[in-house]
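K.L.:
Before I ask anything, let me first share the structure, which is written out below as C-alpha cells.
The values are calculated or read from the model by the stated rules, or taken from the named source; none is laboratory data. The shown structure was predicted, so the numbers you read here are calculated from the model rather than taken from an experiment. Cβ coordinates were reconstructed from backbone atoms using ideal geometry, including for glycine residues, and neighbour counts include every protein chain displayed. Heads up: the accessible areas ignore ligands, DNA and RNA and are worked out on the full protein's heavy atoms, side chains in. Shrake-Rupley method; radii C 1.70, N 1.55, O 1.52, S 1.80 Å.
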Amino acid sequence: MSATLPLASQNVLIIGGARDIGFAIANAIHEAGATPVIGARDLVKAREAAERIPGARAVSIDITDEDSIVRALDEVGPLDHIVTTASAHHNVPVSQLDHDHVVSAFEAKVIGPMLLAKHAAKTVRPDGSLLLFSGVAAWNPSPGYAVMGITNGAVTYAVTHLAKELAPIRVNAISPGIIDSGSWDAMGDNAKHEFLEDSGRATLVGRVGRNDDIARAALWLLEGSFVTGETIHVDGGARIA
Ligand SMILES: NC(=O)c1ccc[n+]([C@@H]2O[C@H](COP(=O)([O-])OP(=O)(O)OC[C@H]3O[C@@H](n4cnc5c(N)ncnc54)[C@H](OP(=O)(O)O)[C@@H]3O)[C@@H](O)[C@H]2O)c1
C-alpha cells in the first residue's frame with residue numbers, strides 16, 4: 001500500500017456537509033476529484049448544498065438516530081470515507097447542566113460516531129477511513145465549556161479504540177482551534193468580531209482559523225494511508241499558547 005491514496009474517483013460522505021466546515025470539506029473533496037455526498041438532518045438543506053458543488057449527491061442523516069444512519073448508508077451505497085462534523089452545544093456552567101442537553105452533546109459527538117462506526121464497518125472499503133471532529137476546548141478547560149471539552153476529549157479516545165477495532169479501516173480526528181467557520185455568526189457582528197480577535201491573539205500564529213485550514217487537514221487525513229488512531233491539532237498552537 002502506498003503512503004497516500006489519492007481521492008480521485010472516491011465517494012466520501014460528509015455528515016454536517018451542508019454548511020460551515022463540513023461544506024468546505026465537501027468542496028475540497030470535489031476539487032480533489034472525488035464525489036462528495038452531503039449528509040444533513042434536513043434533506044432540503046443537503047440538496048441545496050449539493051447543487052452548489054458539481055457532481056455532489058445529497059442524503060438525509062441524523063447521527064443521533066441509529067435507524068437514520070442505517071437508512072442513509074443503505075441509500076448511499078459503498079463509500080471510501082465518512083467525515084462527521086456534527087455537534088450539539090451545551091455551554092453552561094456546571095451548576096446549570098441539563099441532563100438532556102448533556103446527553104444530546106454526547107450523542108452528536110461520541111455515541112453517534114460510535115454507532116456510525118458499527119454500521120460503516122460494513123460499507124466503507126478496507127483502505128478507507130472515518131474522520132471525526134474533536135476541538136481545542138478539550139485541552140483548555142474553561143468555566144462554561146465543560147460539556148464541549150469533555151465530549152471533544154472523548155472523541156480523541158474514541159478514535160484510538162475505533163481505529164484498533166475497525167482496522168484496516170483508519171479512524172482519525174481533527175481538533176480545530178477557533179475557526180471563523182460561520183458557526184459563530186449567531187453571536188452577532190460585534191460580539192463575533194471581538195471573540196474572533198481575542199481568539200486569534202490567543203494562538204501562536206496570531207489569527208483564528210479558516211475553513212480552508214481544516215479542509216486541507218481533512219484531505220491529508222483521508223489520503224494518508226499510514227495515519228490512524230490520531231487526533232490532529234489544527235489550532236494555530238492555541239492548545240499550548
Ligand atoms: N468552528 C469552530 O471554531 C470549532 C472549534 C472547535 C471544534 N469545532 C468542531 O468542528 C466541527 C465543525 O464545526 P463547525 O463550525 O462547522 O460547526 P457547525 O457550524 O456547528 O456545524 C455542525 C454541522 O453538523 C450538523 N449536525 C448537527 N447535529 C447533527 C446531527 N444530529 N446529525 C447530522 N448532522 C448534524 C449541522 O447541521 P444542521 O444544519 O442540521 O444543524 C452542521 O452542518 C464541530 O464538530 C465542532 O464542534 C469547531
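K.L.:
Provide the descending list of Cα extents for segment 141-241 along its principal axes, expressed in whole angstroms.
P.N.:
Per principal axis, max minus min of the Cα coordinates gives 47, 28, 26 Å.
K.L.:
Hey, can you find the accessible area per residue of the chain for me, probe 1.4 Å, expressed in square angstrom? Spell out each step's value before the answer.
P.N.:
Details: 11830 Å² over 241 residues.
Per residue, the chain has 49 Å² of solvent-accessible surface.
K.L.:
A follow-up question, please. From largest accessible area down, sort I21, I53; use a 1.4 Å probe on the protein chains. Numbers along the way, then the final one.
P.N.:
Numbers: I21 25, I53 5 Å².
Of I21, I53, the descending order of accessible area is I21, I53.
K.L.:
I need the fraction of alpha carbon pairs in segment 1-97 separated by more than 21 Å, rounded to a whole percent.
P.N.:
Details: 1576 of 4656 pairs.
Result: 34 percent of Cα pairs exceed 21 Å.
K.L.:
What's the extension gain from E31 to R216 if we count 0.36 nm per residue and subtract their Cα-Cα distance? Let's see the in-between values first.
P.N.:
Working: separation 185, 0.36 × 185 = 66.60 nm, distance 1.12 nm.
Result: 65.5 nm gained on full extension.
K.L.:
OK, next. Using a cut-off of under 19 Å, list every residue of segment 1-40 whose amide N is near the label point 7 Å from the Cα of D127 along the Cα-to-beta-carbon line.
P.N.:
1-13, 32-35
K.L.:
Pick from A202, A40, A186: which is most flexible by mean-square fluctuation in a GNM of the chain where alpha carbon atoms under 10 Å apart are linked?
P.N.:
Result for the chain, Cα springs under 10 Å: A186 fluctuates most.
K.L.:
In percent, how large is the relative contact order of the chain, given Cα pairs closer than 8 Å and 6 or more residues apart?
P.N.:
Working: 518 pairs, mean separation 47.9, N = 241.
Relative contact order comes out at 20 percent.
K.L.:
Right, here's the next one. Give me the three principal axis extents of segment 5-52 from the C-alpha atoms, as integers in angstrom, largest value leading.
P.N.:
That works out to 31, 16, 16 Å along the principal axes.
K.L.:
Here's another thing I want to ask about it. Determine, at each q value in 0.09, 0.12, 0.13 (inverse angstroms), the log₁₀ of I(q)/I(0) that the Debye formula gives when each Cα of the chain is one equal point scatterer.
P.N.:
-0.35, -0.64, -0.76
K.L.:
Could I ask something else about it? Which percent of the accessible heavy-atom area of segment 65-141 goes to carbon and sulfur, probe 1.4 angstrom?
P.N.:
Values: 2000 of 3610 Å².
After summing per-atom areas, the C and S share lands at 55 percent.
K.L.:
Let me know the charge dipole size of segment 79-195 about its Cα centre in debye, to the nearest 20, where only the beta-carbon of Lys, Arg (+1) and Asp, Glu (-1) is charged. Working shown, then result.
P.N.:
Numbers: 7 positive and 10 negative charges, 110 e Å.
About 520 debye.
K.L.:
Here is a further query. How do S104, S225 stack up against each other in accessible area, from largest to smallest, with a 1.4 angstrom probe?
P.N.:
On the way: S104 45, S225 20 Å².
Final ranking, largest accessible area leading: S104, S225.
K.L.:
Compute, for the chain, the length of the dipole vector about the Cα centre, with Cβ point charges of +1 (Lys, Arg) and -1 (Asp, Glu) only. Units Debye, rounded to 20. Spell out each step's value before the answer.
P.N.:
Details: 19 positive and 28 negative charges, 96 e Å.
It works out to roughly 460 debye.
K.L.:
In segment 1-158, with Lys and Arg counted as +1 and Asp and Glu as -1 at Cβ, which of these residues, A108, A18, T4, has the Cα nearest the positive end of the dipole, that is, farthest along it?
P.N.:
It is T4.
K.L.:
Next up: Evaluate E = 1/(1 + (r/R0)^6) for S95 and V227, where r is the Cβ-Cβ distance and R0 equals 45 Å; express this FRET efficiency to the nearest 0.05. Provide the component values of the computation, followed by the final result.
P.N.:
On the way: r = 40 Å, r/R0 = 0.89.
Computed FRET efficiency for S95 and V227: 0.65.
K.L.:
Taking loop as defined by DSSP and a crowding limit of 16 other beta carbons within 10 Å, which GluC sites (Glu not before Pro) in segment 23-62 fit? It would help to have the intermediate numbers written out before the result.
P.N.:
Numbers: sites: E31, E48, E51; in loops: none.
Filter output for segment 23-62: empty list.
K.L.:
Also, quick follow-up: Under 22 Å between alpha carbons, and skipping anything fewer than 8 positions from K164 in its own chain: which lysines qualify?
P.N.:
Once the sequence-local lysines are set aside, what remains near K164 is K109, K118, K122.
K.L.:
Now, a different point. Based on a Kirkwood Rh over C-alpha pairs, give the Stokes-Einstein translational diffusion coefficient of segment 66-196 at 4 °C and viscosity 1.567 mPa s in µm²/s. Display every interim value, and only then the final one.
P.N.:
On the way: Rh = 15.9 Å.
It diffuses with D of about 81 µm²/s by this estimate.
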